[in-house]
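Okay, so here's the structure we're looking at.
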Amino acid sequence: MELQNDLLIRAAKGEKTERTPVWLMRQAGRILPEYRAVRNSLSGFIELVTTPELAAEVTIQPVDILGVDAAIIFSDILVIPEAMGLKYEMVEKKGPWFPETVNGYDDFAKLKKADVESDLGYVLEAIKITKKELNGRVPLIGFAGAPWTIFCYMIEGQGSKTFSKARRMLYNEPLLADQLLQLITDSTIEYLKAQIAAGADIVQVFDSWAGILPPDHYQKYSMKYITQICDAIDEVPVTVFAKGAYFARQEMRHLNCQTIGLDWNMDIQESRRLIGENKTLQGNLDPCTLYGSVADIETATRKMLDNFGPGRHIANLGHGVYPDTDPEKVKVFINTVKEYSAVMHSTND
Ligand code: CP3
């Protein structure tokens, strides 16, 4: 299926585009009343994730309603630990909760590599339905959590400010940590490859808890495994978003991926210098900008676009859009990117 709008894919590959593509991390769900209507008709988040027709419906909502240049499959990074043997629950207003966690070798021994077709077939089915319904309008983004971020949830069993239990294992049981990270990595590679086979046009790896590691641990326990993932995938472009990993930007230039995501703390020009010219950069407007006035959103978005320049940029926020953001303000961001970047690209020719 030919894509009618392939701006995201061309920008990822470093090809020329008529304007800068734009989408938002966590655009599916959260902010749209249309999403909540679907979700409220069900027992909860997990039923939605595991019902392919409905997952496809909410995946496409932001394309129709917000006008983004890509869809991201509605799922969660936590489907991987589940497929490896740790069931999760999504507790209303609190977030994920795992009744069982990994505390030592005994717990590790009970885990398995995810069997993608049988354990995660519902995601693959949702991708196939979404691709059919999108009918080539925009690309579909597949995704997974980075092994380090998944490891954090498997050890702690829930969100945490410090993830100090997970970090403690790196000091006390480094060999166990490596074995678990490797099992997550092997599961993730097969999972991403299956998403691509099902129709994902590009994949993103989310390392949401990158920023809590010291640089040497980040190399040893996160980049090492992200490197394996990037090296294993050559079917489609790969994006790596490591939130808070400002200290690893220089090493990221060596990753076998096309795009690096920046969070809003990272200076754009410094990031370009550290990462080099051979990668596309994605990001990085402060999500809280969208709480501001229309005029302030327009000004901040234009400033961001000026800082990135017209080439090798995919516009996005510096992290997921916050749930209490007004969708109308999101549209201001999207439309400003579309209009202003078109002018930037044409004057640059
Ligand atoms: O981007 C998208 O819109 C696609 C769907 C998507 C979800 N989660 C749906 C979701 C994606 C890409 C994710 C990724 C994810 N999940 C990450 C990495 C990105 C990031 O924000 O750092 C992480 C750390 C998780 C784990 C997770 N899932 C948490 C901590 C929570 C609870 C709080 C929250 O962020 O909403 C979830 C639940 C979740 N995942 C919701 C959605 C729409 C809200 C659940 C609901 O509808 O009640």
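The values are calculated or read from the model by the stated rules, or taken from the named source; none is laboratory data. Keep in mind that what you see is a predicted model, and the values were worked out from it rather than measured. Here the Cβ is made from the backbone with ideal geometry for all residues, glycine too, and neighbour counts use every protein chain on show. Note: areas computed on protein heavy atoms with side chains; ligands, DNA, RNA excluded. Shrake-Rupley method; radii C 1.70, N 1.55, O 1.52, S 1.80 Å.
For residue 255, indicate whether it is in contact with a Ser or Thr (Cβ under 9 Å, 6 or more places away or on another chain), away from the ligand (no atom under 16 Å from the Cβ), on the phi < 0 side of the Ramachandran plot and of a type in the set (A, V, I, L, M, F, W, C).
yes
Residue-wise test of (1) within 14 Å of the ligand (Cβ to nearest atom); (2) free of Cβ contacts under 8 Å to residues at least 60 places away in the same chain; (3) open to solvent by 70 Å² or more (accessible area, probe 1.4 Å); (4) polar (S, T, N, Q).
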residue	(1), (2), (3), (4)
66	yes, no, no, no
110	no, yes, yes, no
116	no, no, no, no
123	yes, no, no, no
136	no, no, no, no
143	yes, no, no, no
148	yes, no, no, no
165	no, yes, yes, no
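Given (1) free of Cβ contacts under 8 Å to residues at least 60 places away in the same chain; (2) more than 16 Å from the ligand (Cβ to nearest atom), identify the lone condition not met by residue 176.
All conditions pass for residue 176, except number (1).
Pull out all pairs, ordered by first then second residue, where Cβ-Cβ is under 8 Å, the residues are six or more apart or on different chains, the first lies in the stretch 85-107 and is within 12 Å of residue 154 (Cβ to Cβ), and the second is open to solvent by 100 Å² or more (accessible area, probe 1.4 Å) and part of a strand (DSSP E or B).
88/97
Give all pairs with beta carbons closer than 6 Å in which a residue from the stretch 3-19 that is closer than 13 Å to residue 314 by Cβ and free of Cβ contacts under 8 Å to residues at least 60 places away in the same chain meets a residue that is of a type in the set (S, T, N, Q) and part of a loop (DSSP other than H, G, I, E, B); count only pairs at least 6 apart in sequence or on separate chains.
Filtered contacts from the stretch 3-19: 10/17.
Taking into account only those residues within the stretch 1-25 that are of a type in the set (S, T, N, Q) and buried (at least 18 other Cβ atoms within 10 Å of the Cβ), which is farthest from the ligand (Cβ to nearest atom)?
Looking at residues that are of a type in the set (S, T, N, Q) and buried (at least 18 other Cβ atoms within 10 Å of the Cβ), I get 17.
Does residue 320 satisfy the criteria of being of a type outside the set (D, E, K, R) and away from the ligand (no atom under 16 Å from the Cβ)?
no
State which residue pairs qualify: first residue over 13 Å from residue 338 (Cβ atoms) and inside the stretch 20-35, second residue open to solvent by 20 Å² or more (accessible area, probe 1.4 Å) and within 9 Å of the ligand (Cβ to nearest atom) in any location, beta carbons under 6 Å apart, and separation of 6 or more residues or different chains.
30/323
Condition (residue is touching a strand residue (DSSP E or B) at 6+ places or on another chain (Cβ under 8 Å), within 30 Å of residue 346 (Cβ to Cβ) and either within 10 Å of the ligand (Cβ to nearest atom) or in a helix (DSSP H, G or I) (or both)) applied to the stretch 80-101: is it met by at least one residue?
Checking the stretch 80-101: not a single residue is touching a strand residue (DSSP E or B) at 6+ places or on another chain (Cβ under 8 Å), within 30 Å of residue 346 (Cβ to Cβ) and either within 10 Å of the ligand (Cβ to nearest atom) or in a helix (DSSP H, G or I) (or both).
Working only within the stretch 26-64, note down all residues that are near the ligand (Cβ under 10 Å from one of its atoms), under 21 Å from residue 117 (Cβ atoms) and part of a loop (DSSP other than H, G, I, E, B).
Across the stretch 26-64, there are no qualifying residues.
Any chance the stretch 43-54 includes a residue that's among the aliphatic types (A, V, I, L, M), closer than 17 Å to residue 133 by Cβ and open to solvent by less than 10 Å² (accessible area, probe 1.4 Å)?
Yes, the stretch 43-54 contains at least one residue that is among the aliphatic types (A, V, I, L, M), closer than 17 Å to residue 133 by Cβ and open to solvent by less than 10 Å² (accessible area, probe 1.4 Å).
Could you grab the pairs with beta carbons closer than 6 Å, sequence gap of 6+ or different chains, first residue in the stretch 284-312 and under 18 Å from residue 267 (Cβ atoms), second one open to solvent by 60 Å² or more (accessible area, probe 1.4 Å) and not in a helix (DSSP H, G or I)?
Pairs found: 284/264; 286/264; 287/322.
Restricting to the stretch 328-349, name every residue that is under 16 Å from residue 69 (Cα atoms) and touching a helix residue (DSSP H, G or I) at 6+ places or on another chain (Cβ under 8 Å).
Result: 330, 331, 332, 333, 334, 336, 337, 340, 341.
Pairs only if they're at least six apart or on different chains, beta carbon under 6 angstrom, first in the stretch 200-213 and modelled with pLDDT of 95 or more and more than 12 Å from the ligand (Cβ to nearest atom), second open to solvent by 10 Å² or more (accessible area, probe 1.4 Å) and aromatic (Phe, Trp, Tyr); list them, first residue then second.
none
Would you confirm, using the coordinates I've provided, whether residue 287 is out of contact with any helix residue (DSSP H, G or I) (no Cβ under 8 Å at 6 or more places or on another chain) and not polar (S, T, N, Q)?
Answer is yes for this residue.
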